[in-house]
């Protein structure tokens with residue numbers, strides 16, 4: 001017998017008027033965006049948008065495309081601005097239209113946030129200077145280029161900045177944001193609705209626990225991209241300081 005679909009999460013603590021927006025761009029890491037999006041979509045009464053430079057569908061790094069619900073130009077003022085990561089971040093580090101959009105939204109947003117290497121884009125916009133922040137382990141040391149203090153944590157909360165670690169940390173991050181906005185009880189009900197109870201089959205999810213051969217193979221495969229990213233970050237940091 002086929003089990004019924006999960007029931008909608010229980011309504012609680014409605015937050016009418018709350019606006020949450022997640023940036024989308026070419027070659028975004030799909031789970032960086034859709035993990036938090038699934039959590040935010042369960043916030044009672046909230047309005048959630050996926051924000052693109054144009055209204056055109058955007059290719060991700062995982063086959064599917066995502067269609068923005070609003071453009072930079074039409075985006076209302078957000079309470080929560082979220083920037084996901086992915087290889088596509090690198091090409092936006094000197095994109096004035098994107099950086100200006102982030103700065104403009106950040107002026108009045110309640111929380112300015114990121115997942116994974118989205119933190120580098122916040123950094124390039126000058127939005128992490130003097131803040132503690134985290135990101136994917138492969139980009140961790142680059143945060144200092146933007147005047148941030150790197151913190152090795154799954155979720156880093158410093159005043160109105162909340163940053164998440166790599167990819168899957170986006171769910172932890174989003175639940176933490178919901179707890180700040182709506183209270184722990186709402187966040188826990190969403191966690192239960194999603195049956196978010198991770199028990200990974202391997203211990204290779206962190207460079208501190210992965211087998212040495214796995215870590216070395218990963219780094220070797222990504223060496224050219226890493227060198228390119230580091231150069232782009234240095235240029236973006238120089239522009240920011242100027």
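The values are calculated or read from the model by the stated rules, or taken from the named source; none is laboratory data. Please read these numbers as outputs of a predicted model, since none were measured by experiment. As a convention, Cβ positions derive from the backbone with ideal geometry for all residues, glycine included, and neighbour counts pool all protein chains shown.
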Q. Just one of the numbered conditions (1) assigned to a helix (DSSP H, G or I); (2) within 24 Å of residue 19 (Cβ to Cβ); (3) touching a strand residue (DSSP E or B) at 6+ places or on another chain (Cβ under 6 Å) is not true of residue 140; which one?
A. (2)
Q. Which condition does residue 37 not pass, out of (1) modelled with pLDDT under 95; (2) closer than 24 Å to residue 65 by Cα, if it passes all the others?
A. (1)
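Yes or no, residue by residue, for (1) part of a helix (DSSP H, G or I); (2) modelled with pLDDT under 95; (3) in contact with a strand residue (DSSP E or B) (Cβ under 6 Å, 6 or more places away or on another chain); (4) surrounded by fewer than 16 Cβ atoms within 10 Å (Cβ to Cβ):
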position	(1), (2), (3), (4)
179	yes, no, no, no
197	no, no, no, yes
202	no, no, no, yes
213	yes, no, no, yes
217	yes, no, no, yes
220	yes, no, no, yes
229	yes, no, no, no
236	yes, no, no, no
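Considering region 26-48 alone, what residues qualify as being in a strand (DSSP E or B) and within 13 Å of the chain's Cα centre (by Cα)? First the steps, then the outcome.
Initial filter on region 26-48 (in a strand (DSSP E or B)): 28, 47-48.
The one that is in a strand (DSSP E or B) and within 13 Å of the chain's Cα centre (by Cα): 28.
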Q: Test each condition in (1) modelled with pLDDT of 95 or more; (2) within 30 Å of residue 192 (Cα to Cα); (3) not in a strand (DSSP E or B) for residue 51 and report the one that comes out false.
A: (3)
Q.
Which of the numbered conditions does residue 2 fail, given that it passes all the others? Conditions: (1) more than 30 Å from residue 183 (Cα to Cα); (2) assigned to a loop (DSSP other than H, G, I, E, B); (3) at pLDDT 95 or above.
A. (3)
Q.
Residues to consider are 59, 68; find the one that is surrounded by 14 or more Cβ atoms within 10 Å (Cβ to Cβ), without any contact (Cβ under 8 Å) to a residue 60 or more places away in the chain and assigned to a strand (DSSP E or B).
A. 59
Q) Would region 148-168 turn up any residue that is assigned to a helix (DSSP H, G or I) and either under 29 Å from residue 48 (Cα atoms) or modelled with pLDDT of 95 or more (or both)? A) no
**Q.** Residue among 120, 78, 91 that is in contact (Cβ under 8 Å) with a residue 24 or more places away in the chain, buried (at least 18 other Cβ atoms within 10 Å of the Cβ) and not in a loop (DSSP other than H, G, I, E, B)
**A.** 120
